[in-house]
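Asker: First, the structure itself, so that you have it in front of you.
The values are calculated or read from the model by the stated rules, or taken from the named source; none is laboratory data. Being a predicted model, the structure only gives us computed values, none of them experimental. Cβ sites come from the backbone with ideal geometry, for glycine too, and all protein chains shown count toward neighbours.
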Amino acid sequence: MAQDVVHIELNGGRSYTIHFAPFRAVPQLLAAAGLRKGSCLIVTDTNVADLYLEKLKGYLSKAGWSPLPGLILPAGERSKAPEMLQQIYDHALEAGIDRQTPVLALGGGVIGDLAGFAAATLLRGLPLVHLPTSLIAQVDSSIGGKTGINHTVGKNLVGAFYQPKLVCADLDALQSLPELEWTSGLAEVVKHGLIADADFTHELSANWDRILRRDQDTVRRMVMQAAAIKAKVVSEDERETSLRAILNFGHTFGHAIERIAGYGQFTHGEAVAVGMRAALKVSVLLNPNLPYATIDSLLKRLPVRNSIKDLDPKTLTQTMYFDKKVQAGRLRLVLLRRIGSAYVTDKVSEEQISAGWDRARNA
């Protein structure tokens with residue numbers, strides 16, 4: 001079966017493949033990955049279930065698998081919570097899973113993070129398969145093994161690194177995404193270019209109208225390039241000890257926005273889009289030769305529904321100190337040195353952070 005793929009090579013000879021293939025290929029991909037044919041658990045959400053759940057179960061059943069009753073969780077960021085994780089545990093254990101039962105995460109980033117953490121912890125580890133349906137999941141969250149849930153203190157503070165056996169991204173699923181999910185996912189695509197690939201960034205800018213129209217050929221190239229950037233970074237630094245931290249450009253600001261505004265007021269992509277505007281301002285303060293106007297004009301193309309003008313900048317700054325990247329009480333930010341080159345630093349003053357928030361609040 002001809003298909004497009006991106007490979008991830010990890011330490012210790014471990015590897016897996018991101019397949020850009022229709023979901024009807026899933027049974028064949030499971031077999032190729034060495035997974036035992038038998039029961040499997042599909043976790044999805046209310047937005048995705050009507051579109052893909054029964055079709056996927058049909059493909060699996062026809063190939064000799066025995067899908068357990070699918071678990072359908074509420075869509076949205078609020079589901080990345082302990083009570084939803086408990087629902088997966090209860091459902092899986094009551095269904096009679098064993099250590100060979102794969103968990104199929106069918107949905108966007110929330111489902112991938114949540115079902116992934118459940119797979120990492122149930123029976124001390126079940127095989128995990130990501131079936132991402134959103135743009136943000138296909139280019140970012142399904143790749144690299146980060147799983148987890150939110151805590152009242154901050155976003156993604158409870159979780160584990162747990163790599164999937166494979167990823168199957170059906171690009172046709174992107175055509176049915178609501179506009180908000182599409183434009184939100186573009187924030188992560190733009191981020192990948194800004195931190196690691198100047199040519200890709202310029203290509204995004206040149207093709208922006210076709211991207212917004214979801215031109216299929218343009219989207220295919222874009223998604224595969226963005227996924228390849230993420231895969232390369234993860235291959236070099238699986239557990240975010242150094243290089244992988246650059247993938248958090250705009251996220252320390254964005255996570256603070258999500259928490260203070262309330263999860264759900266901004267999509268993750270919207271919060272990251274605003275966060276990148278703030279991080280860009282700080283970047284240019286420390287790197288005056290950075291082409292600020294060029295980058296800012298691209299970030300302005302990412303639509304954001306809500307303003308953060310009503311959010312207190314001091315509270316936002318305080319919330320940033322609950323970020324996972326804080327070390328020894330020092331806030332570490334991902335900044336741009338130039339287009340396609342990012343770095344992590346703790347040499348940022350509160351005045352510079354405030355300037356970043358001012359820019360984001362007046363965007």
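Asker: Name every residue in the stretch 104-113 that is in contact with an Asp or Glu (Cβ under 9 Å, 6 or more places away or on another chain), closer than 15 Å to residue 87 by Cα and in a helix (DSSP H, G or I), in order of residue number. Don't jump to the end; show me each part of the working.
Answerer: Here is the first cut: in the stretch 104-113, the ones in contact with an Asp or Glu (Cβ under 9 Å, 6 or more places away or on another chain) are 105-111.
Those left that are additionally closer than 15 Å to residue 87 by Cα: 105, 110-111.
110, 111 - these are the residues of the stretch 104-113 that are in contact with an Asp or Glu (Cβ under 9 Å, 6 or more places away or on another chain), closer than 15 Å to residue 87 by Cα and in a helix (DSSP H, G or I).
Asker: Moving to a separate point now. Could you check how many residues of the stretch 1-26 are in contact with a helix residue (DSSP H, G or I) (Cβ under 8 Å, 6 or more places away or on another chain) and either basic (Lys, Arg) or farther than 26 Å from residue 222 by Cα (or both)?
Answerer: Looking only at the stretch 1-26, we keep the residues that are in contact with a helix residue (DSSP H, G or I) (Cβ under 8 Å, 6 or more places away or on another chain), and these are 1, 3-4, 6-10, 18-24, 26.
Imposing the further condition that a residue be either basic (Lys, Arg) or farther than 26 Å from residue 222 by Cα (or both) reduces the set to 24.
So the answer is 1.
Asker: Taking the options 188, 179, name whichever one is crowded, with 22+ Cβ neighbours inside 10 Å and of a type in the set (D, E, K, R). Give the steps one after another, and end with the answer.
Answerer: Details: 179 fails: crowded, with 22+ Cβ neighbours inside 10 Å.
Going through 188, 179 in turn, the sole match is 188.
Asker: Which of the helices (runs of 4 or more DSSP H) found entirely inside the stretch 160-236 contain at least 2 residues meeting this: of a type in the set (A, V, I, L, M) and either without any contact (Cβ under 8 Å) to a residue 24 or more places away in the chain or touching a strand residue (DSSP E or B) at 6+ places or on another chain (Cβ under 8 Å) (or both)? Reasoning before the result, please.
Answerer: Values: elements: 179-196, 198-206, 208-212, 216-236.
It comes to 179-196, 198-206, 216-236.
Asker: Quick check: is even one residue across the stretch 291-307 over 25 Å from the mean Cα position of the chain (by Cα), under 16 Å from residue 348 (Cα atoms) and without any contact (Cβ under 8 Å) to a residue 60 or more places away in the chain?
Answerer: Within the stretch 291-307, not a single residue is over 25 Å from the mean Cα position of the chain (by Cα), under 16 Å from residue 348 (Cα atoms) and without any contact (Cβ under 8 Å) to a residue 60 or more places away in the chain.
Asker: May I pose another question? Within the stretch 94-103, can you find the residues that are out of contact with any Pro (no Cβ under 6 Å at 6 or more places or on another chain) and either more than 21 Å from residue 164 (Cα to Cα) or in a loop (DSSP other than H, G, I, E, B) (or both)? Please lay out each step first, then the result.
Answerer: Taking the stretch 94-103 first, the residues out of contact with any Pro (no Cβ under 6 Å at 6 or more places or on another chain) are 94-101, 103.
Those that are out of contact with any Pro (no Cβ under 6 Å at 6 or more places or on another chain) and either more than 21 Å from residue 164 (Cα to Cα) or in a loop (DSSP other than H, G, I, E, B) (or both): 94, 95, 96, 97, 98, 99, 100, 101.
Residue-wise test of (1) over 24 Å from residue 263 (Cα atoms); (2) out of contact with any Ser or Thr (no Cβ under 9 Å at 6 or more places or on another chain).
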residue	(1), (2)
49	no, yes
56	yes, no
60	yes, no
74	no, no
81	no, yes
84	no, yes
91	yes, yes
96	yes, no
99	yes, yes
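Asker: List the pairs whose first member sits in the stretch 327-355 and is under 16 Å from residue 289 (Cβ atoms) and touching a residue at least 12 places away in the same chain (Cβ under 8 Å), whose second member is of a type in the set (S, T, N, Q) and in a strand (DSSP E or B), and whose Cβ atoms are under 9 Å apart, counting only residues at least 6 apart or on separate chains?
Answerer: Correct list of pairs: 335/345.
Asker: If you check residue 101 against the conditions, is it touching a Leu at 6+ places or on another chain (Cβ under 8 Å) and hydroxyl-bearing (Ser, Thr, Tyr)?
Answerer: Details: touching a Leu at 6+ places or on another chain (Cβ under 8 Å): yes; hydroxyl-bearing (Ser, Thr, Tyr): yes.
Criteria met by residue 101.
Asker: Among the residues of the stretch 79-121, count how many are more than 23 Å from residue 152 (Cα to Cα) and of a type outside the set (Asp, Glu).
Answerer: The total comes to 15.
Asker: If only one of 363, 342, 328 is among the small types (Gly, Ala, Ser), modelled with pLDDT under 95 and closer than 18 Å to residue 277 by Cα, which one is it? Explain how you work it out, then say what you get.
Answerer: Values: 342 fails: modelled with pLDDT under 95; 328 fails: closer than 18 Å to residue 277 by Cα.
Within the list 363, 342, 328, the selection yields 363.
Asker: I'm trying to understand the selection: among the residues of the stretch 237-250, which are in a helix (DSSP H, G or I) and either over 29 Å from residue 360 (Cα atoms) or aromatic (Phe, Trp, Tyr) (or both)? If you could, list the steps in order and put the result at the bottom.
Answerer: Narrowing the stretch 237-250 to residues in a helix (DSSP H, G or I): 243-248.
Once the filter is applied, which keeps residues that are in a helix (DSSP H, G or I) and either over 29 Å from residue 360 (Cα atoms) or aromatic (Phe, Trp, Tyr) (or both), the stretch 237-250 yields nothing.
Asker: Out of the residues in the stretch 118-159 that are assigned to a helix (DSSP H, G or I) and under 15 Å from the mean Cα position of the chain (by Cα), which is surrounded by the most Cβ atoms within 10 Å (Cβ to Cβ)?
Answerer: The initial filter retains those residues of the stretch 118-159 that are assigned to a helix (DSSP H, G or I), namely 118-124, 135-141.
Those left that are additionally under 15 Å from the mean Cα position of the chain (by Cα): 135-141.
Working: 135: 30, 136: 26, 137: 27, 138: 32, 139: 27, 140: 28, 141: 25.
Here the residue is 138.
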